[in-house]
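Participant: Got a structure here, written out as structure tokens. Questions coming.
The values are calculated or read from the model by the stated rules, or taken from the named source; none is laboratory data. Just so it is clear, the structure is predicted and the values come from calculations on it, not from any experiment. All Cβ positions, even for glycine, are placed from backbone atoms using ideal geometry, and neighbour counts span all protein chains on display. Accessible surface areas use protein heavy atoms only, side chains included; no ligands, DNA or RNA. Shrake-Rupley method; radii C 1.70, N 1.55, O 1.52, S 1.80 Å.
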Amino acid sequence: IRESATLTRDVLEQHFNDLKGTLKKLLDERLTSLLQEVDAIEQESIKPLDECQKLIEHGVSTANELLQEGESAVHGDVGQQNEKLCSFTKKALHIQLDSLPEVPSLVDVPCLSAQLDDCLLTILKNQIFRHGTVASRPPVQLEEFVEKPGGILVRWCKVDDDFIPQDYRLQYRKSTASHFEDVYVGSETEFIVLHIDPNVDYQFRVCARGDGRQEWSPWSVPQIGRTTLVPHEWTAGLEGYSLSSRRNIALRNDSQSCGVLYSKAPTYFCGQTLTFRQVLSGIETVGQPDRRDSLGVCVEQQNGYDSLQRDKAVCISTNGAVFVNGKEMTNQLPAVTSGSTVTFDMEVVQIGSSSNEGGNFKLRVTISSNNREVVFDWVLDQCCVSLYFGCSFSYPGWKVLVF
């Protein structure tokens, strides 16, 4: 309680400090804009009046000079009087003293004023006092963490019966990180978080958005999740396939070389779910299908084959055919296309009083693809609870993510 209360105080203080800074910036920008508008109107309106004033002042100055010259001609010497009066008369005839520039009507002269509506403060006050809430019980909580190879399956649930969720938002952070980051936004109540380092603590939290609403609910109580399972990796260095930096994505390239790409180690254990997902490569569609294409698991790596359709292996072809120890089953799954997800689930079937008495070893296999599945028993001549996985494609463009 103390930890969440301290965090809530920090969030509230930071949020309102940010609001203060933003509001001050917006008010300053608005003030600057209005002052610039006043300056523009003043400059535009005063210019013709200044020009009119200059013309009037020039006319008055010219008339004053002419008047002084006339007085000098009247009161001057008799010899110079005629000459000065003649010069005065010529100037007076050329100067129009009875004309004035057009002066704008008083009603056309702008008179600036500031129109400020006090209702803004009322609106802001009402909005501010309704802004923000403090909730003590979030409507959704984290429910379960399931270890996956190099990942964690996170499940959450709704704990408020009156809350109708529209979307969920899952965040996580490494134990050494200071900030959470989004990892999932959607309507599902579970998500597999990949790229998780084994034996490292990660903190998770989830929130929800109510139906028809824009804001998110308070965060759930943060919980720690971890996985002890090493991530699945493809074997590097096989000509014909290019791998991602984490070696969990394999891309069939343009090389003419054919062969089966195996996992780096037998990291698939019975009781887990192995998932293959076709993802888009640089082109918008996957490669051309071939009857030898395969995705599946096997007891051991065997070089020299161009497909997993062989002994000690179970697989699905890109056309949906299922092969067990190299033999095609009558049941068939939908074809594998871009975005398809294929999963393998296996469990040991006990034989006799002990599974190690000798004889056949049997695994119950479930292969699912596009909401359909086949279930069968896979009989082996040796005990095997950890398996390799593999894939083979004849044409470039196929890109497979494994987890």
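Participant: To the nearest µm²/s, what D does Stokes-Einstein give for the range 140-227 at 20 °C and 1.002 mPa s, using the Kirkwood radius over alpha carbon pairs as Rh? It would help to have the intermediate numbers written out before the result.
Facilitator: Numbers: Rh = 13.2 Å.
It diffuses with D of about 162 µm²/s by this estimate.
Participant: Turning to a different aspect of this structure: Which links in K20/K125; K264/K327; K24/K125; K264/K312 stretch past 20 Å when you go from one Cα to the other? Numbers along the way, then the final one.
Facilitator: Numbers: K20/K125 14 Å; K264/K327 26 Å; K24/K125 15 Å; K264/K312 18 Å.
Pairs exceeding 20 Å: K264/K327.
Participant: Right, next: With all protein chains present, how much of the accessible area of the chain (probe radius 1.4 Å) comes from carbon and sulfur, to the nearest whole percent?
Facilitator: Details: 13040 of 25450 Å².
For the chain, the apolar C and S fraction of the accessible surface comes to 51 percent.
Participant: So how tilted is helix 2-75 from the main axis of the chain? Cα-based, degrees 0 to 90, rounded to 10.
Facilitator: So the inclination is approximately 20 degrees.
Participant: Here is a further query. Order these peptides, 56-65, 302-311, by their mean beta-carbon neighbour count within 10 angstrom, highest first. Numbers along the way, then the final one.
Facilitator: Details: 56-65: 12.0, 302-311: 17.6.
Per-residue Cβ counts within 10 Å, averaged per peptide and sorted highest first, yield 302-311, 56-65.
Participant: While we're looking at this one, here's another question. For the range 241-402, calculate the relative contact order in percent as a whole number, restricting contacts to Cα pairs under 8 Å that are 6 or more residues apart.
Facilitator: Working: 401 pairs, mean separation 58.0, N = 162.
Contact order relative to length: 36 percent.
Participant: Here are a few candidate values for Rg/Rh (Cα atoms, Kirkwood Rh): (1) 1.46; (2) 1.18; (3) 1.09. Which one was actually calculated from the structure I just gave you?
Facilitator: After the calculation, the listed value that fits is (1).
Participant: Could you tell me which of rounded, prolate or oblate describes the range 286-403, using a ≥ b ≥ c as the square roots of the eigenvalues of the alpha-carbon gyration tensor, with rounded for a/c under 1.5 and, failing that, prolate when a/b is larger than b/c and oblate otherwise? Display every interim value, and only then the final one.
Facilitator: Details: a/c = 2.24, a/b = 1.72, b/c = 1.30.
Prolate is the answer for the range 286-403, as a/c is 1.5 or above and a/b outweighs b/c.
Participant: Expressed as a rounded percentage, what relative contact order does the chain have, with Cα pairs under 8 Å and six or more residues apart?
Facilitator: Relative contact order for the chain comes out at 12 percent.
Participant: Would you mind working out the magnitude of the charge dipole of the chain relative to its Cα centre, with +1 at each Lys and Arg C-beta and -1 at each Asp and Glu C-beta, to the nearest 20 Debye? Let's see the in-between values first.
Facilitator: Numbers: 38 positive and 54 negative charges, 465 e Å.
For this selection, approximately 2240 debye.
Participant: Would you work out which of V134, C86, S72 lies farthest towards the positive end of the dipole of the chain? Charges go on Cβ: Lys and Arg +1, Asp and Glu -1.
Facilitator: Toward the positive end, the furthest listed residue is V134.
Participant: Which value, in debye to the nearest 20, gives the size of the charge dipole of the range 1-130 about its Cα centre, when Lys and Arg are +1 and Asp and Glu are -1 at the Cβ? Before the final figure, lay out each step's value.
Facilitator: On the way: 13 positive and 23 negative charges, 148 e Å.
I would put it at about 700 debye.
Participant: Summing -39500 (n - 2.57) over the DSSP H runs of n ≥ 4 in the chain and dividing by its residue number, what mean residue ellipticity at 222 nm do you reach, to the nearest 500 deg cm²/dmol?
Facilitator: Details: 3 runs with 103 residues, N = 403.
Helices in the chain give a 222 nm mean residue ellipticity of -9500 deg cm²/dmol.
Participant: Here's a follow-up. Which angle between 0 and 90 degrees, to the nearest 10, do you get for helix 119-130 versus the longest principal axis of the chain when only C-alpha atoms count?
Facilitator: 20 degrees
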